[in-house]
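Reading through the structure tokens given below for one structure.
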Amino acid sequence: MEGQNQNMKILCLHGFRTSGKFLQKQISKWDPSLFLHHFQMDFPDGLFSAGGKSDIEGIFPPPYFEWFQFNKEFTEYTNLEECISHLCQYITHNGPFHGLLGFSQGATLGALLLGYKAQGKVLKEHPPFKMFVSISGSKFREPSICEVAYKDKINVKSVHFIGAKDWLKLPSEDLATAFHDPLIIRHPQGHTVPRLVFLSAASASEGTTPLLPNHAAII
């Protein structure tokens, strides 16, 4: 089974004005035996160069990228369709992918792709995705997007990392409701990829339970 998992690809989508290499570093906080050793992780860079200052300047070297642009209210988006088209081509040419993982803007975008695929709008020839890992993700807010992407519960096994001090805590919880029987993993930190050692888990439909020791089995 382990050999089979190692042939399964996970597409990992980084956050706003960061990079694939930075997300790879963020994920390196996790015990490799729990996740990283079980799958092939693909960390592409966003379609567009960062159009402004990055929050990780001085922490991690450039270049920095963004998947699309948006207004302050996150209700208007620029280059989103180009981004979706680009990712669909990337998935088609480099897949098939077993699942998606994303942080912040990457998680928001990953959930959108899953919702669009469920409604037959994109990736019609790609096999169904089996899993989704969202770290500080959120929903899009534009009604015409929501009416399609979140029309029905997304029937993909999903894990949602939500930080107690994250400014996207409530939007992350809202995103989890778009999925069928999501697993919510809470941590005490902010807008970051947490260390799994600090986590507790709760199903959206059940009470709080201890995090299972075998995280790979959860994912």
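The values are calculated or read from the model by the stated rules, or taken from the named source; none is laboratory data. As the structure is a computational prediction, the values presented were derived from the model and not from experiment. Using ideal geometry, Cβ is built from the backbone for each residue, glycine included, and neighbour counts are taken over all protein chains shown. Ligands, DNA and RNA are stripped out before the accessible areas are found, and what is left, the full protein with its side chains, is counted by its heavy atoms. Shrake-Rupley method; radii C 1.70, N 1.55, O 1.52, S 1.80 Å.
What to note about this one:
- E147 accessible area, 1.4 Å probe, all protein chains in place, Å² to nearest 10: 130 Å²
- Charge tally for L47 (other residues, Cβ to Cβ under 12 Å; Lys, Arg +1; Asp, Glu -1): -4.
- FRET efficiency, C146 to K29 (Cβ-Cβ, R0 41 Å, nearest 0.05): 0.80
- Of K121/K151; K25/K124; K9/K117; K124/K151; K29/K157; K117/K157, pairs whose Cα-Cα distance is over 24 Å: K25/K124
- Under Stokes-Einstein, with the Kirkwood radius over Cα pairs as Rh, the value for the range 62-159 at 37 °C and 0.692 mPa s is 237 µm²/s.
- Of the peptides 131-140, 154-163, 44-53, the ranking by mean beta-carbon count within 10 Å, highest at the top, reads 131-140, 154-163, 44-53.
- Solvent-accessible heavy-atom area per residue, rounded to whole Å², over the range 9-187 at 1.4 Å: 45 Å²
- A convex hull fitted around the alpha carbon atoms of the range 9-187 yields 115 Å³ per residue.
- Surface share of carbon and sulfur [accessible, 1.4 angstrom probe, percent] for the range 14-121: 52 percent
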